[in-house]
1. Among the residues of region 145-163, write down those that are surrounded by 15 or more Cβ atoms within 10 Å (Cβ to Cβ), more than 11 Å from ligand 2 (Cβ to nearest atom) and under 22 Å from residue 41 (Cα atoms).
2. Restricting attention to region 9-26, does a residue exist that is within 10 Å of ligand 2 (Cβ to nearest atom), over 23 Å from residue 148 (Cβ atoms) and touching a helix residue (DSSP H, G or I) at 6+ places or on another chain (Cβ under 9 Å)?
3. Which condition number in (1) within 11 Å of the chain's Cα centre (by Cα); (2) within 12 Å of ligand 2 (Cβ to nearest atom); (3) under 23 Å from residue 87 (Cβ atoms) is the one that residue 37 fails?
4. Let me confirm something: among 2, 42, which residue is surrounded by 12 or more Cβ atoms within 10 Å (Cβ to Cβ) and at pLDDT below 95?
5. Does region 63-81 contain at least one residue that is in contact (Cβ under 8 Å) with a residue 40 or more places away in the chain, within 16 Å of ligand 1 (Cβ to nearest atom), surrounded by fewer than 14 Cβ atoms within 10 Å (Cβ to Cβ) and closer than 24 Å to residue 17 by Cβ?
6. When the residues of region 129-142 are narrowed to those that are free of Cβ contacts under 8 Å to residues at least 12 places away in the same chain and within 12 Å of ligand 1 (Cβ to nearest atom), which ends up farthest from residue 159 (Cα to Cα)?
7. Checking the conditions here, which among 101, 171 is within 12 Å of ligand 1 (Cβ to nearest atom), more than 15 Å from residue 2 (Cα to Cα) and touching a strand residue (DSSP E or B) at 6+ places or on another chain (Cβ under 9 Å)?
8. Hey, among the residues in region 104-128 that are assigned to a loop (DSSP other than H, G, I, E, B) and more than 11 Å from residue 12 (Cβ to Cβ), which one's nearest to ligand 1 (Cβ to nearest atom)?
Ligand code: ADP
Ligand code: 5GP
């Protein structure tokens, strides 16, 4: 059975940046494409970053028990991991990489235990987070405020993760995460 790498963080801490880096340097990792009821942002495409579903379709899939886990991460904004996505990867002995909110990350770790490593990415400060989200220029001012407001609560879950990485200097954070994953995948 393949292994699972869980990456969680407050929005803007640098999860996607670090995940894209890992996917670009290792071809043994496959990204878990989540379903979401939010609209695509920037250049996002259906079936690449997410499966973009209408709120009705998302709720239907909840009813059909198609999710391993799902959360209403922001009011009226649902995100979930489809059972089919994970089962396919694990059956094919692939290591699957999750970009997931803190509660979802803790849930997946509890299900797969030692087959999974949970990594929390921490920003150097809430101020830095705010600045990164503004500079990313993909969310409205209102959405940035919602994301920043949630960050303090999310940071309080850091101690429940196997590993914590502070993403201050990006090159250092990339090297740190590379080493952690190499060690996890090389040790049974
Ligand atoms: P997340 O996926 O956690 O929401 P992103 O990876 O989209 O975060 O990063 C948010 C923004 O911050 C992006 O514009 C990214 O380029 C930038 N960023 C990521 N890491 C750093 C860093 N160490 N220093 C400065 N900016 C960063
Ligand atoms: P974004 O809108 O920035 O892409 O994602 C918002 C938050 O939802 C992030 O913390 C992201 O990790 C989380 N998220 C993405 N997919 C899932 C998922 O399948 N389940 C859960 N619980 N959270 C997810």
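The values are calculated or read from the model by the stated rules, or taken from the named source; none is laboratory data. Please read all numbers here as calculations on a predicted model, not as lab measurements. Cβ atoms come from the backbone with ideal geometry, glycine included; neighbour counts cover every protein chain shown.
1. 148
2. Initially, region 9-26 is screened for residues within 10 Å of ligand 2 (Cβ to nearest atom), giving 9-13, 15-16, 19.
Among the residues that remain, those that are also over 23 Å from residue 148 (Cβ atoms) are: none.
Checked against the condition, which is being within 10 Å of ligand 2 (Cβ to nearest atom), over 23 Å from residue 148 (Cβ atoms) and touching a helix residue (DSSP H, G or I) at 6+ places or on another chain (Cβ under 9 Å), region 9-26 yields no hits at all.
3. For residue 37, the failing item is (1).
4. On the way: 42 fails: surrounded by 12 or more Cβ atoms within 10 Å (Cβ to Cβ).
Only one candidate passes the filter, namely 2.
5. no
6. Result: 137.
7. Result: 101 is the single residue among 101, 171 that is within 12 Å of ligand 1 (Cβ to nearest atom), more than 15 Å from residue 2 (Cα to Cα) and touching a strand residue (DSSP E or B) at 6+ places or on another chain (Cβ under 9 Å).
8. 124
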